[in-house]
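Participant: Input: one structure, supplied below.
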Amino acid sequence: MRVHDNTEPRPCAGDFILEQAVNHPPGNEITNARNLHCVLSSRLVTLVPMAILVGMVSQKGGVGKTTLTANLAAALNNDGRVVCVDLDPQNALRLHLGVQMDEMDGLTRCTLEGRTWNTSLFQSPGSPEVLPYGTINETDRDTLEVFLAENPNWLSSGLATLGVGNVSSV
């Protein structure tokens, strides 16, 4: 349950992990609006939001995965931080979310250059953050494929650099 200043507790939209519990005498108002709070059994519990990972996957092309992803991200953008990671070599999600057509950076360039993924996040005003796939040539693609075969934790390691916290559901 989320407690907002001067309102009754109401169910939370997201999942949370308990970070810290402290005594909270009944009747005292919660005045720290910077943190999410939960009142359970007369105890104040500080909560940390968890990330929710949603994957749009289909073996068939042209079914609207990119369009659906962009629209879902835009709708969720009003409820908190949204980061879109494009794993499609067509690199089209960036165009839906305001990244310039001539921008070549993305997760593939980061991987090949040994940079963390957070260095290639883009955000247009009013849009969710996006990490494009990036533009690479055939030689770089071959190098990337070898790297991926040798680094099975590549995706989870890369996601960890984005600062999205723990993932609560897939």
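Participant: At a Förster radius of 22 Å, what calculated FRET efficiency corresponds to the Cβ-Cβ distance of residue 58 and residue 154, to the nearest 0.05?
Facilitator: 0.50
Participant: Can you give me the three principal axis dimensions of the range 110-158 from its C-alpha atoms, in Å, biggest first?
Facilitator: 37, 24, 13
Participant: Across 5 Å bins from 0, what is the distribution of all Cα-Cα pair distances for the range 86-132, in whole percents?
Facilitator: 5, 24, 33, 25, 10, 2, 0
Each reported figure results from applying straightforward, stated rules to the coordinates on display, with no laboratory input. Everything quoted here is computed from the prediction, not taken from an experiment. Don't worry about glycine lacking a Cβ; one is built from the backbone with ideal geometry, like all the others, and counts go over all protein chains shown.
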